[in-house]
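These notes are about the structure you will find just below.
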Amino acid sequence: MDKPTRQFHVRIQEALNDPQIRANFRRAMDGLMTKRANMFPDPVELERLRDLGAAVRRNALAQLPELLERLEAKCAENGITVHWAESVDEANRIVLDICRRHSAKSVIKGKSMVSEEMELNHYLGEFGIEALEADLGEYIVQLAGQLPSHIVMPAIHMNTRQIAELFAEKLEGVGYIEDAEELTKVAREILRHKFFDADVGVSGVNFAVAETGSLVLIENEGNGRLTTTAPPVHVAVTGIEKVVENLEDVTPLLSLLPRSATGQNVTTYVNMISGPRRDGERDGPQEVHLLLLDNGRTRIHADPELRQTLQCIRCSACMNHCPVYARIGGHAYGTVYPGPIGEILMPQILGCEEVGALPGASSLCGACGEVCPVRIPIPKMLVRLRKEAVDNTGASPVKGGGAQRSFGEAATWKGWEKVHASPALYRLATRTATAMGGLPALGPLKTWASVREVPKPAAKTLHQRLEERGNSR
Amino acid sequence: MSGSRENILRRLRDSRETGAAVGRDFTVIEDLQWSGDEAVARFTGLMRAVNTEVHETTREAWPAKLAELCVAKQVMRLALAADTPVGQAARSVLLDTSVETVAYSRDIEDWREELFFQVDAGLSTAAGGIVETGSLFLQTGPDEPRLLSLVPPIHFVVLSRADFANTLLEMLRRHDLAAGMPTNVLLISGPSKTADIEQTLVYGVHGPRQLVVLLTD
Amino acid sequence: MEAEHAYPGQRPRQVYLFGTCLVDLFFPEAGVDTVSLLEREGVKVIYPKDQTCCGQPAYNSGYHDEARIVARQQVRLFPGDAPVVVPSGSCASMMKHHYLDLFRGEPDFADVEALSRRVYELTEFLVRVLNVRLNDLGAPEKVAIHTACHARREMGVAGDADALVDQLANVERVGFTRQTECCGFGGTFAVKHGPISAAMVSEKVDCIEAAAPDRLVGGDCGCLMNIGGHMRHRGSPVKVQHIASLLWERTDG
């Protein structure tokens, strides 16, 4: 087992051993699953809506280069400056340049997973620019010096007591208050002043509309609206896949996303931004920038099957319904995107050397694929990426394809193949096992046996019994 | 940097099996329809479910209702549009009360501190209401800037039932927004809220803690 | 993946049985009871003796060449147009759905496609093709059903097991908390991620025991080996069995 995989297993074990993690996630995921189910009472309507959502995303990916160019042209017409970055380094430099041009000291941030992908806060910090998260969950996680454990609810791994302790420890003049309402008030007061002072606002983008050059952002708190409105400069960072062709295309996605994510029929705010402050307007940023990040997405786009990964609208339903995620939580994955979507996305971004073991952390139960609002066949893709991780053709389209292949495992499957491709050998093997009456609990069976009785081969195999019965042919 | 643009686009053009548009059938959304009374009941029900105050009133009576609510909520200063019908109607009725009105007719830079820390409420006009989700549809602009509905702790909105649409799709089509978008289009569905602390619902994070809709005929 | 159901208009006179490797070695009784149930309906059951494994373990582990070689060995065993009945939702789904991906572009794809159309999970076949009517002769008892994830989400047959148990007049079918959640088996997952799998199965058994059934049945021996193995490890009183055995035992006059 390579080092990253070993570390992955260590993190899993730590999470499983932490009763707080187990309880926090279980309770949260049970609640989210129930809420989502209540939001889609009509299965026929849901399936039709999923068809439309998937079609919107597939359409966008099928015409991605054309739509990006159209988006760029429309944004330019609207006064939005578009930047392109192939890597996170390049993306960070672009944001830094914008900040420097405005002599920015403080940046306020709306929730953005792409900025997590860029590790933008850390990067700007190295250049003396304070980047503060304004989404309450992100703010909590940043205060704790952690990473989000969920893509929609970043602090879902913590309970009120833990957050009260954190505030009391980190915030000057704040005592221990174990009350969500009071804690929220504290954060609001601090952040309101930060919004007031911020030089630059950085946000993500839920959908970018090529037809109108609009950036669509959804949220509940209002931090996203403040981030994109109050500071004189707004920088929106997003992956190149987030574009949709037409304005109407956002309607099914807006209908699916919040219901799938948090079981709300709509978020408190849906904010469609189509430019900086125009003549005669009294507020809004003087400059709006849109940063389009590749970071491996063009490579994912190249393969028609893997491309489906890019249909994702980051709703989190797959992790909310994943029995593995519910038990190990988001941090165990060790990646920005956890859960099923992370298991298929991260190996393609970071490569199989680093995180090729992620797709293995699934029982392939299919709960993720069943709830995906845009019909990404996640279970199928998990299998595909397992294949790429042990590829031996040298032609894998996935970064680091084949890196997880080990001689021992490959030899085991070769042996399995030999036995199961030969009826005679197979019958010999099964009859031997029957005669021996069992297998010693060694190697992999040891794990199995730690919580289960080891199955014993029957006295006679089905082959033998049906031969006696006269069904064999 | 333009090298990155070209590289990204070139790689995307090299991808296999692309180019053909995928058809989208919007009938699942178009099928959503509510009749007049159903629409009002659904809209107000959904809005109230997320802690919005909805007051059913009339075109004539809403300013008086606003004045009454401002007094009840101890609003000292109300920001509003200087020149819109809604702004003017509110101003004239509030003249006789203790509520001071502040017209948002200056650039934000000129009264930033005042807006952030000394205004209790904002009044704006909804361009429509979306029945499916119980959402207000707002288009900001020179008269009603973006922060008017966001920064003050209480947000009053005047909405006419005549401006209901079944869905966002219908609303986008009605206003022909695909042909041109204002700088900011907003859907607002309730006061600002969060559930980031142990899924406990708390209202009033960064945006208004109270959303008050004056629903006219 | 959507289950595509094409059911023959009339009752077939004979069927093939694909027994699966787990049933062959560990649960032959389930296979024999399957044959008994089918034969009672007047259907001749043919068991091609050269069958081994559908290939799913290697397929799900990413070793697709190895899986294809083993799968190909099975494909040639079921000539003609007789339905292929599988007492496992997971193996049935492998043959019905995943073979199509595994053999796409291969010279024998047409054969595979023809086979995949004839594959049925056992409870699906009993309900939707044979339209069985069960006469319950057993004593009153409470039964819980664990439907395998692939039977539920890939084959779309969760309702068929329920319908069969509901035909048993003296059986009370009991539900349990988080019934649709995976039991943690997942083939090689149970070994590669033993600790997660252990956490899943122990919570699954907590939920089942809370409903206090006399018996737990299911259509997939992988899940049953996992759940039953854990139940015996912790000394649970619940009896675990393949659904074919429950049905045959209670209706065998």
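Summary table below
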| read-out | value |
| --- | --- |
| Residue exposure sequence - C:Ile227, C:Ile46 - by fewest surrounding Cβ within 10 Å | C:Ile46, C:Ile227 |
| Amide H contacts under 5 Å for B:Gly122, placed H, 5+ residues apart | B:Ala79, B:Ile154, B:His155, B:Phe156 |
| The stretch A:131-172: radius of gyration over Cα atoms, expressed as a fraction of 2.2 N^0.38 Å | 1.05 |
| Counted charge near A:Lys109, where neighbours are those whose Cβ lies closer than 9 Å (Asp, Glu -1; Lys, Arg +1) | -2 |
| Rounded to whole Hz, the Karplus (6.51, -1.76, 1.60) HN-Hα couplings of the stretch A:81-88, x for glycine and proline | 8, 9, 10, 10, 9, 7, 10, 5 |
| Virtual spin-label span in nm between A:Lys170 and A:Ala302, 7 Å along Cα→Cβ | 4.0 |
| Calculated [θ] (222 nm, deg cm²/dmol) that DSSP helices of n ≥ 4 give over chain B, each run adding -39,500 (n - 2.57) | -9500 deg cm²/dmol |
| Prolate/oblate/rounded call for chain C, Cα gyration tensor, a/c under 1.5 rounded | oblate |
| Under-5 Å amide H pairs with A:Cys372, H placed in peptide plane, nonlocal only | none |
| Residues of the stretch A:298-319 with amide N under 20 Å of a point placed 7 Å along Cα→Cβ from B:Asn7 | A:298-303 |
| Separation between Cα centres of the stretch A:317-360 and the stretch A:152-190, rounded to whole Å | 28 |
| Positive-end extreme of charge dipole, chain A - chosen from A:Gly356, A:Gly137, A:Ser406 (charges on Cβ) | A:Ser406 |
| Rg/Rh ratio calculated on Cα atoms of the stretch C:13-147 (Kirkwood radius) | 1.00 |
| Formal net charge of residues neighbouring A:Gly239 (Cβ-Cβ distance under 11 Å; K, R +1; D, E -1) | 0 |
| Chain A - mean residue ellipticity at 222 nm from DSSP helices (-39,500 (n - 2.57) per run, n ≥ 4, rounded to 500) | -15500 deg cm²/dmol |
| Positive-end extreme of charge dipole, the protein assembly as shown - chosen from A:Thr228, C:Cys223, B:Leu169 (charges on Cβ) | C:Cys223 |
| Part-to-part distance (alpha-carbon centres) for the stretch A:1-72 and the stretch C:89-120, which is given in Å | 29 |
| Amide H within-cut-off set for A:Ile156, under 5 Å, with H built and near neighbours excluded | A:Ser149, A:His150 |
| Mean projected area (nm²) of the alpha-carbon convex hull when the stretch B:42-128 is viewed from all directions | 6.6 |
| Calculated [θ] (222 nm, deg cm²/dmol) that DSSP helices of n ≥ 4 give over chain C, each run adding -39,500 (n - 2.57) | -12000 deg cm²/dmol |
| Mean shadow area of the stretch A:125-244 over all directions, Cα convex hull, nm² | 8.5 |
| Normalised per residue, the volume of the convex hull around the Cα set of the stretch A:317-470 (Å³) | 172 |
| Largest-first ellipsoid semi-axes for the stretch B:33-216, taking √(5λ) over the Cα gyration tensor eigenvalues, angstrom | 24, 19, 18 |
| Percent of C-alpha pairs per 5 Å bin, the stretch A:255-369, short to long | 2, 10, 15, 17, 16, 14, 11, 7, 5, 3, 1, 0 |
| Stokes-Einstein D (µm²/s) once Rh is taken as the Kirkwood radius of chain A over alpha-carbon pairs, at 37 °C in 0.692 mPa s | 134 |
| Length-normalised contact order for the stretch A:66-295 - Cα pairs under 8 Å, 6+ apart - percent | 29 |
| Listed residues A:Asn17, A:Val451, A:Ser472: farthest to the positive end of the dipole of chain A (Cβ charges) | A:Ser472 |
| Equivalent ellipsoid semi-axes, the stretch A:1-121, via Cα gyration tensor eigenvalues times 5, rooted, Å | 35, 29, 17 |
| Inverse of mean 1/r across different Cα pairs in the stretch A:66-295, Kirkwood, Å | 18.1 |
| Cα gyration tensor of the protein assembly as shown - equivalent ellipsoid semi-axes, whole Å, descending | 56, 29, 26 |
| Point-charge dipole on Cβ atoms (K/R +1, D/E -1) for the protein assembly as shown, about Cα centre, debye to 20 | 3140 |
| Taking N as its residue count, the alpha carbon Rg of the stretch C:163-221 over 2.2 N^0.38 Å | 1.29 |
| Neighbour net charge for A:Ile378 - beta-carbon separation under 11 angstrom, K R +1, D E -1 | +1 |
| Size of electric dipole in the stretch A:1-156: Cβ of Lys, Arg +1 and of Asp, Glu -1, about Cα centre, debye, nearest 20 | 420 |
| The stretch C:133-232 - percent relative contact order, Cα under 8 Å, separation 6 or more | 36 |
| Quarter of the Cα convex hull surface for the stretch A:414-469, i.e. its orientation-mean projected area (nm²) | 4.7 |
| Debye log10 I(q)/I(0) for the stretch C:141-251, one point scatterer per Cα, at q = 0.16 Å⁻¹ | -0.67 |
| For chain B, size of Cβ-based charge dipole, Lys and Arg +1, Asp and Glu -1, in debye | 540 |
| Whole-Hz couplings from phi, Karplus 6.51/-1.76/1.60, listed for the stretch A:380-396; x for Gly and Pro | 4, 6, 4, 5, 4, 6, 4, 5, 5, 5, 10, 4, 10, 8, x, 10, 5 |
| C:Asp214 versus C:Thr180: modelled label distance in nm, points set 7 Å from Cα along the beta carbon direction | 3.0 |
| Whole-Hz couplings from phi, Karplus 6.51/-1.76/1.60, listed for the stretch B:25-37; x for Gly and Pro | 9, 8, 4, 4, 8, 4, 5, 7, 9, 10, 6, x, 5 |
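Laboratory data are not the source of any read-out in this text; all were calculated from the coordinates shown. In this text the structure is predicted, and so the values were computed from the model without any measurement. Here the Cβ is made from the backbone with ideal geometry for all residues, glycine too, and neighbour counts use every protein chain on show.
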